[in-house]
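Values in this text are rule-based calculations from the coordinates and carry no lab data. Every value quoted in this text rests on a predicted model; they were computed, and no experiment measured them. Here the Cβ positions follow ideal geometry from the backbone for every residue, glycine too, while neighbour counts run over all protein chains shown.
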Protein chains: 2
Amino acid sequence: MADFDRTPRNQVKRLPQRGQYDAETIYQILDASLICHVAFVQGEQPFIIPTLHVRDGDTLLLHGATTSRMMQHIGEGHPVTIAVTLVDGIVMARSVFNHSMNYRSAVLFGRGEPVIDPQEKLHALARFTERLLPGRWDDARKPNDQELKATSVVRILIESASAKVRNGPPGDDAEDLALPVWAGVVPIRQVFGEPVNAPDLRDGADVPGYLRDFLAARV
Amino acid sequence: MADFDRTPRNQVKRLPQRGQYDAETIYQILDASLICHVAFVQGEQPFIIPTLHVRDGDTLLLHGATTSRMMQHIGEGHPVTIAVTLVDGIVMARSVFNHSMNYRSAVLFGRGEPVIDPQEKLHALARFTERLLPGRWDDARKPNDQELKATSVVRILIESASAKVRNGPPGDDAEDLALPVWAGVVPIRQVFGEPVNAPDLRDGADVPGYLRDFLAARV
């Protein structure tokens, strides 16, 4: 996979040594997060909306209600900026100044185009469903025509992107190392809990094997 | 605490029944998340940057390097939009269409003003540090004059805000309830791990009691 060109738009300005521009790093961050934040502009006012995303090769898919303001606006091709952030830990230094976070973040700049073809849309919805839980698409009831019409999908063509990553221990100033203060990292991670049955679950509809496998793989 | 007025800017348009406008709900969401996403506009281009935040009464504080583009832009009073999103679970319905997420999200619209007074700035930095870990400010080495100058703080005056919350089981269509498909919620939560000592930790600088207390309270 290639690198994204560094331009004034995607260049990591603060702490540039944390900037990364290779598609592999950026895509790994995109794929590791369930949600993204989408920013767009209407009448000089910035808006942000959190939503699910799924990567499809070198593009990003978003979906929502056909009536959604965000989906309509993005489908019209206005500039859109998408951020994905994974928080990995609190970095505690001897000095307040050197406190930080460990994180992996990616920012994409692009424009959307609507996915109109029903087969392509169905394929996109399958990707969203499988992103949530591999095996789910073949098990759940698939969208009917009415539901398909009520759902809108846009494909974001990524024009530019960058990642910013910090990991590892605190970086204290040499003169602070002798201070009698604990320093280190408190790791943070997202965990999945035990599935909670729907209260109206019919008899025999037990937690499926593909969900058990998914949870077992994440422990 | 009061409610925010509903205006075209902050009104939850999709699934309006999930919209909430009371400051108590919105502030609880702000306070429950370590990071927010800040959107702003430069030359019609939206930007998003993830950052730490801390609420100070009816305002929100952000901090960063004095040289940071975002801090300078916000300090100049341009419109800024801030989103905080907490992901609480994957909602698995019998139908693909009714799959969803459980989440708590808040969006704030406002403008920033720089915090210039050194005492006020120091007070703000204490709030950031205590937000990360209560007890840390009194233990770590406090900022010196040079570090204080290198750090910029802005106060966001919240003009408008709303929250959007989904919780509870899937909402399947009545005709899908008899399908032989498991339905329910897979809870998601953020957990803190065992502290990792800095490799150059001096003898005797053990994990402090206030960190042990913090971790014990979050299990």
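Per residue, the convex hull around the alpha carbon atoms of the stretch B:68-115 comes to 113 Å³. When the alpha-carbon atoms of the stretch A:53-145 are used, the pair Rg, Dmax equals 18.2, 60 angstrom.
Computed from the Kirkwood radius of its Cα pairs, the Stokes-Einstein diffusion coefficient for the stretch A:1-112 at 10 °C and 1.306 mPa s stands at 101 µm²/s. Dividing the summed -39500 (n - 2.57) terms of all DSSP H runs of n ≥ 4 by the residue count of chain B sets its mean residue ellipticity at 222 nm at -6500 deg cm²/dmol.
Cα convex hull, the stretch B:1-64: 124 Å³ per residue, rounded to a whole number.
D by Stokes-Einstein for the stretch B:98-176, Kirkwood Rh over Cα pairs, 4 °C, 1.567 mPa s: 79 µm²/s. With its label point defined 7 Å out from Cα along the Cα-to-Cβ axis, B:GLU147 lies at 5.5 nm from the matching points of the other copies, in increasing order.
Placing a label point 7 Å from Cα along the Cα-to-Cβ direction at B:ASP22 gives distances to the equivalent points in the other copies of 5.1 nm, listed shortest first.
Each other copy holds its own label point for A:ASP5; taking that point as 7 Å from Cα along Cα to Cβ, the gaps run 4.6 nm, nearest first.
Here the alpha carbons of the stretch A:156-219 define both size measures, Rg and Dmax, at 22.5, 66 Å. A Förster distance of 56 Å, applied to the separation of the beta-carbon atoms of B:ASP145 and A:ASP203, puts the FRET efficiency at 0.20. Counting only Cα atoms, the protein assembly as shown measures 67, 51, 47 Å along its principal axes, largest extent leading.
Around the amide H of B:THR66, modelled in the peptide plane, lie the amide H atoms of B:THR151, B:SER152, all under 5 Å away and 5 or more residues distant in sequence or on another chain.
Pairs of lysine residues in the protein assembly as shown that meet both criteria, 8 or more places apart or on different chains and Cα atoms under 28 Å apart, total 18.
Not counting the cut sites, what is the longest span of chain A without trypsin sites (Lys or Arg not before Pro) that DSSP labels loop and that have at most 16 other Cβ atoms within 10 Å? By the stated rule (loop sites, at most 16 other Cβ atoms within 10 Å), A:15-201.
So what is Rg over Rh here for chain A, counting just Cα atoms and using Kirkwood for Rh? Expressed as Rg/Rh, it is 1.04.
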